[in-house]
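Structure record follows, encoded as structure tokens.
The values are calculated or read from the model by the stated rules, or taken from the named source; none is laboratory data. Remember, predicted model here, so these are calculated numbers, not experimental data. Cβ placement follows ideal geometry from the backbone for every residue including glycine, while neighbour counts extend to all protein chains displayed.
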Amino acid sequence: MPYDRCSEVDEKFWRDLVQADPEDIFRRTGVRRHQQVFRAPYFNRELVADLKQQRIFLADAAEEEPGFRRCLVTLLYLLLIDQAALGPPISPLELPGATMFFQKRGPHAIPGAPLEERFGNDPAALAAAGRRLGAEKVDKGDLALAFQVFPGLTVEVILWEADADFPAQVSFTVPSQLDRFWQLDAVLALLGVVVKEILLAVAPGAG
């Protein structure tokens, strides 16, 4: 990811959000605009998008730098997503054009490696991080968790533990039809957000 800070997100997204119909955003996402502010459920916390200040921040950590990807997916969620039109979970590799876009290495790699390294031999720590983020268990792999990033926008993380014969493997699902609203670089940013939040949610000293 070539960008790190929220301030590096294209200002056009902010301008578009200012001009967007608040009732349309509420219809699509369930998130209301109060004067110049949106407050959206984000994992099990609340994320604030302040249009006047062009700031996005966690309600309980207002001074924390939110980062480029978190800001990007927040703006694109409010601007474009219609949660009623999203479908059941599929691999991001099943999205149109995904096999050409996603790579095994480099900036377009699906970011499973940090989770494989951290949780491949420690699924209990992943389960604990999931609880802190309000995830729900699903019946896939050795451990699978469904994270509601924003209302209606759920990403599953599926872990197969390392054993004597195979290394750990992590895969993801995203809603089918997500490509109707987002380009694949936004989907990749979403996966990066999920990975970062999981790693941040690991208790100090866990594992």
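Observations on the structure shown:
- Number of positions in region 14-34 that are within 18 Å of the chain's Cα centre (by Cα) and surrounded by fewer than 18 Cβ atoms within 10 Å (Cβ to Cβ): 1
- Inside region 28-64, residues that are part of a loop (DSSP other than H, G, I, E, B) and of a type outside the set (A, V, I, L, M, F, W, C) make up a count of 11.
- Near pairs, Cβ below 6 angstrom, 6+ apart or cross-chain, from region 61-83 (in the same structural domain as D10 (by TED's automatic domain parsing) and at negative phi) to any residue that is in a helix (DSSP H, G or I) and among the aromatic types (F, W, Y): L75/F13
- Of the strands (runs of 3 or more DSSP E) that lie entirely inside region 108-173, not one contains 3 or more residues that are surrounded by fewer than 19 Cβ atoms within 10 Å (Cβ to Cβ) and not assigned by TED's automatic domain parsing to the domain that holds D185.
- Check on V138, within 15 Å of the chain's Cα centre (by Cα) and free of Cβ contacts under 8 Å to residues at least 60 places away in the same chain: no
- Subset of region 65-93 (residues that are modelled with pLDDT of 95 or more and assigned to a loop (DSSP other than H, G, I, E, B)): I81, D82, L86, G87, P88, S91
- Criterion: in contact with an Asp or Glu (Cβ under 6 Å, 6 or more places away or on another chain), under 26 Å from Y77 (Cα atoms) and either of a type in the set (S, T, Y) or in contact (Cβ under 8 Å) with a residue 40 or more places away in the chain (or both) - qualifying residue of P111, P96, P107, P151: P96
- Subset of region 35-73 (residues that are surrounded by 13 or more Cβ atoms within 10 Å (Cβ to Cβ), small (G, A, S) and more than 15 Å from Q148 (Cα to Cα)): A49, G67
- When region 74-92 is limited to residues that are of a type outside the set (G, A, S) and more than 15 Å from I25 (Cβ to Cβ), the one that is surrounded by the most Cβ atoms within 10 Å (Cβ to Cβ) turns out to be P92.
- Residue in region 161-169 that is at pLDDT 95 or above and among the aromatic types (F, W, Y) present: no
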